[in-house]
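The structure under discussion appears below in the form of structure tokens.
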Amino acid sequence: MKRIMPKLEKMIQKIEECPSSLWILLSSFVSLILIRILIENWVTGENAHRSFFIFYEFFDSFLIAYLVSLWIIHKILKVSFKKAANILIWGYSVIIIPPLVDYVMSHGKGFWSFYTFDSLSGLIKRFFTFFGDRPDIGITYGVRAEILIAVLLILVYAYLKSKSILKSAFVSFLVYATLFILGTFPSWITIAVQGISIGFSKVTEIDAVQMFFSPFSLFSKDIYQVNDALIVKVNMIYLLIISAIILLGLFRYQKERFCSFLKNIRFPQVFYHGGLLIAGIGIGFAFSQKTVPINFFNALGFLVVLDAVILSWLASVVVNDIFDEKIDTKTNSYRPLIKKTFSLSEYKAMGLIFFAFSIYLASLVNLKISFLLIVYQGIAWTYSAWPMRLKRFAFVSTFVSSVASLMIFFAGYSLVTDSQIFLEIPFQIIILLIIAYTLSIPIKDFKDIEGDKGDEVYTVPVVFGEYWGKIIVASGILLSFLLSVILLNEFRLFWWAIILGGVSFWLVAKMRKSSSESLVNYRNIFWWILGTVSIYGIVLVRIVFL
């Protein structure tokens, strides 16, 4: 043992110090999952459709286990994130074990591996009996072997790092608890959701099975296969948990960078994109006359799509900041690239991650929404990036932005409609939206006048000057309100359009460069207009659709 320990420590040290980066770790992680899926296909004969869902199941659950284990090792053993990440990615090779063990134990027939379902008292018992009985279904022989090996490896690593039996036992216990919760995850969610109404101790195994295995409709998407229903339901929760873990981790360990980027995300635009999604959902309900029940899983589906839309916006922010660096030097000095909070390569990596993760989230709920977000990102690229950089041309830039906005609106419409054919939306509504967005979006350009001039970006205020630029934009917003009355052929909206359009005109005309000059200024005007438009939207819905 005395000879083995130094060799183990030396080997672990080499693994810890291996060259790595986020891309290397992510590529290795995905590669291991793909190998696991290949083995699953080989021993169980799964088809391509099931492999798509299985990837979600493995990627999300393993990523949560990885992130939690990473934090445990860093926090308790005081190992750097880089070293812990390298060790864990090596240890994750154990994920290929379950299908092979199950294949051997079942004599080539295979076992049905998924989750263990039980009541609260049953889960507590299973925790202390290593998942209890029936290793031929749910948490199978192979999965138990995987978990046992993983916990033992963590135990050995923790002891080598701490030289403390107590600390190493505690670390391995926490890892086991994490893996146990993930292995019984649907039961815990059922207890949390249904326990509120019937009592936490009264939720049974049958309740959990019914909640997660029953076929269901996720807005317009009907999911009949019980395995697919389980995976979609569980992974919507996983995706939101992953988002929360990453946000908390960044706030805790990269606070300066996190706050710098948070300050840069343009919160009015975040609310604007969320509003577009909700508006699309509302129009979908109105014209499809489809009734979608408000339940736990539809609420989760909406949150996942909203998360995807926000990430798409953040990806476009990164692209815009990269190509607007010259402008931002003069007018937006707080932005991360200008303050050197991130290097250019780090910022590009962030943009790619936001984009990829937005598509990944959306595809679980609705593949068409994923396509729309890809189109949205393509439009955002032509808007900001060379050689086209369409933002340089007045009204062309805002027309392009209006088309991008329509993609988010269509995403909401796709979420709730059966046919998902955009031509079912009355043409006058699409025309109204394009005109309104094209005429209204230039309000964002007033704060960048100096920088836009220096970079030869010809926005409305640059071409027409500040005074006439404000009059033109204010008139465009008022015209948008009035056009809604005509194009929707609803003259009960007339006085509301006059009043709220007039207020919007006055707000834009009276805005000033800084808050010291006026309560309404170039940097907060979007909030004011968002308020008047929101009020008008509520009135419009009540009059036209209710």
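The values are calculated or read from the model by the stated rules, or taken from the named source; none is laboratory data. What you see is a predicted model, and the numbers here were worked out from it, not measured in a lab. Here Cβ is always computed from backbone atoms with ideal geometry, including for glycine, and neighbour counts include all displayed protein chains. The accessibility values were calculated without ligands, DNA or RNA, using every heavy atom of the protein model including side chains. Shrake-Rupley method; radii C 1.70, N 1.55, O 1.52, S 1.80 Å.
Looking at Ser475, is it in contact (Cβ under 8 Å) with a residue 24 or more places away in the chain and surrounded by 22 or more Cβ atoms within 10 Å (Cβ to Cβ)?
Working: in contact (Cβ under 8 Å) with a residue 24 or more places away in the chain: yes; surrounded by 22 or more Cβ atoms within 10 Å (Cβ to Cβ): no.
In short, no.
Tell me, please, whether a residue that is touching a residue at least 40 places away in the same chain (Cβ under 8 Å), open to solvent by 20 Å² or more (accessible area, probe 1.4 Å) and closer than 21 Å to Leu8 by Cβ can be found in segment 169-187.
Within segment 169-187 (the criterion being touching a residue at least 40 places away in the same chain (Cβ under 8 Å), open to solvent by 20 Å² or more (accessible area, probe 1.4 Å) and closer than 21 Å to Leu8 by Cβ), the answer is yes, since at least one residue qualifies.
Which condition number in (1) surrounded by 14 or more Cβ atoms within 10 Å (Cβ to Cβ); (2) within 17 Å of His74 (Cα to Cα) is the one that Leu166 fails?
It fails just one condition, (1).
Among the numbered criteria (1) touching a residue at least 40 places away in the same chain (Cβ under 8 Å); (2) charged (D, E, K, R); (3) within 26 Å of Leu364 (Cα to Cα), which single criterion is violated by Asp222?
The single condition Asp222 does not satisfy is (1).
Looking only at segment 360-397, count every residue that is more than 30 Å from Ser243 (Cα to Cα), in contact (Cβ under 8 Å) with a residue 60 or more places away in the chain and either outside any helix (DSSP H, G or I) or of a type in the set (Val, Ile, Thr) (or both) and tell me the total.
Total meeting the criteria: 5.
Determine if segment 118-131 includes at least one residue that is open to solvent by 50 Å² or more (accessible area, probe 1.4 Å) and closer than 23 Å to Ser28 by Cβ.
The answer is no, given that none of the residues of segment 118-131 is open to solvent by 50 Å² or more (accessible area, probe 1.4 Å) and closer than 23 Å to Ser28 by Cβ.
Within segment 260-275, which residues are of a type in the set (A, V, I, L, M, F, W, C) and open to solvent by less than 30 Å² (accessible area, probe 1.4 Å)?
Phe261, Ile265, Val270
Could you list all residues from segment 224-252 that are touching a Pro at 6+ places or on another chain (Cβ under 8 Å) and either open to solvent by less than 10 Å² (accessible area, probe 1.4 Å) or of a type in the set (Phe, Trp, Tyr) (or both)? Quick ask: steps written out before the conclusion?
Residues of segment 224-252 that are touching a Pro at 6+ places or on another chain (Cβ under 8 Å), as a first pass: 224-226, 229-230, 233-234.
Tyr224, Ala229, Leu230, Lys233, Val234, listed by residue number.
Restricting the search to segment 95-111, which residues are open to solvent by less than 30 Å² (accessible area, probe 1.4 Å) and under 14 Å from Leu32 (Cα atoms)?
In the first step, residues of segment 95-111 are kept if they are open to solvent by less than 30 Å² (accessible area, probe 1.4 Å); the result is 95, 98-99, 102, 106, 110.
Once the filter is applied, which keeps residues that are open to solvent by less than 30 Å² (accessible area, probe 1.4 Å) and under 14 Å from Leu32 (Cα atoms), segment 95-111 yields Ile95, Pro98, Pro99.
What are the residue pairs meeting all of these: first residue in segment 442-462, first residue over 14 Å from Phe393 (Cα atoms) and open to solvent by 10 Å² or more (accessible area, probe 1.4 Å), second residue among the hydroxyl-bearing types (Ser, Thr, Tyr) and not in a loop (DSSP other than H, G, I, E, B), Cβ atoms under 8 Å, and 6 or more apart or on different chains?
Filtered contacts from segment 442-462: Lys447/Thr331; Asp448/Thr331; Glu450/Thr331.
Sort through Ile310, Ile338 and tell me the only one that's of a type in the set (Val, Ile, Thr) and at pLDDT below 90.
Exactly one of Ile310, Ile338 is of a type in the set (Val, Ile, Thr) and at pLDDT below 90, namely Ile338.
Among the numbered criteria (1) farther than 25 Å from Lys391 by Cβ; (2) open to solvent by 40 Å² or more (accessible area, probe 1.4 Å); (3) more than 37 Å from the chain's Cα centre (by Cα), which single criterion is violated by Gly502?
Unmet condition: (2).
Can you name every residue in segment 408-417 that is over 17 Å from the mean Cα position of the chain (by Cα) and assigned to a helix (DSSP H, G or I)?
Let us first name the residues in segment 408-417 that are over 17 Å from the mean Cα position of the chain (by Cα), namely 409-410, 413-414, 416-417.
Scanning segment 408-417 gives Phe409, Phe410, Tyr413, Ser414, Val416.
Ile310: in contact with an Asp or Glu (Cβ under 7 Å, 6 or more places away or on another chain) and among the aliphatic types (A, V, I, L, M), yes or no?
Against the criterion (in contact with an Asp or Glu (Cβ under 7 Å, 6 or more places away or on another chain) and among the aliphatic types (A, V, I, L, M)), Ile310 does not qualify.
Which members of segment 522-546 meet the condition of being assigned to a helix (DSSP H, G or I), of a type in the set (Ser, Thr, Tyr) and in contact (Cβ under 8 Å) with a residue 60 or more places away in the chain?
Of everything in segment 522-546, just one residue is assigned to a helix (DSSP H, G or I), of a type in the set (Ser, Thr, Tyr) and in contact (Cβ under 8 Å) with a residue 60 or more places away in the chain, namely Ser534.
Looking at this structure, is Val193 touching a helix residue (DSSP H, G or I) at 6+ places or on another chain (Cβ under 7 Å), part of a helix (DSSP H, G or I), open to solvent by less than 10 Å² (accessible area, probe 1.4 Å) and in contact (Cβ under 8 Å) with a residue 24 or more places away in the chain? Steps first, please.
Details: touching a helix residue (DSSP H, G or I) at 6+ places or on another chain (Cβ under 7 Å): yes; part of a helix (DSSP H, G or I): yes; open to solvent by less than 10 Å² (accessible area, probe 1.4 Å): no; in contact (Cβ under 8 Å) with a residue 24 or more places away in the chain: yes.
So Val193 fails the test.
Looking only at segment 380-397, count how many residues are charged (D, E, K, R) and either open to solvent by less than 30 Å² (accessible area, probe 1.4 Å) or under 21 Å from Phe355 (Cα atoms) (or both).
Number of matching residues: 2.
Which condition number does Gly469 fail, the rest of (1) without any contact (Cβ under 8 Å) to a residue 40 or more places away in the chain; (2) under 19 Å from Arg392 (Cα atoms); (3) open to solvent by 20 Å² or more (accessible area, probe 1.4 Å); (4) small (Gly, Ala, Ser) being met?
For Gly469, the exception is condition (3).
Check whether at least one residue in segment 78-86 is hydroxyl-bearing (Ser, Thr, Tyr) and either touching a residue at least 60 places away in the same chain (Cβ under 8 Å) or touching a Lys or Arg at 6+ places or on another chain (Cβ under 6 Å) (or both), and report yes or no.
No, the conditions are met nowhere in segment 78-86.
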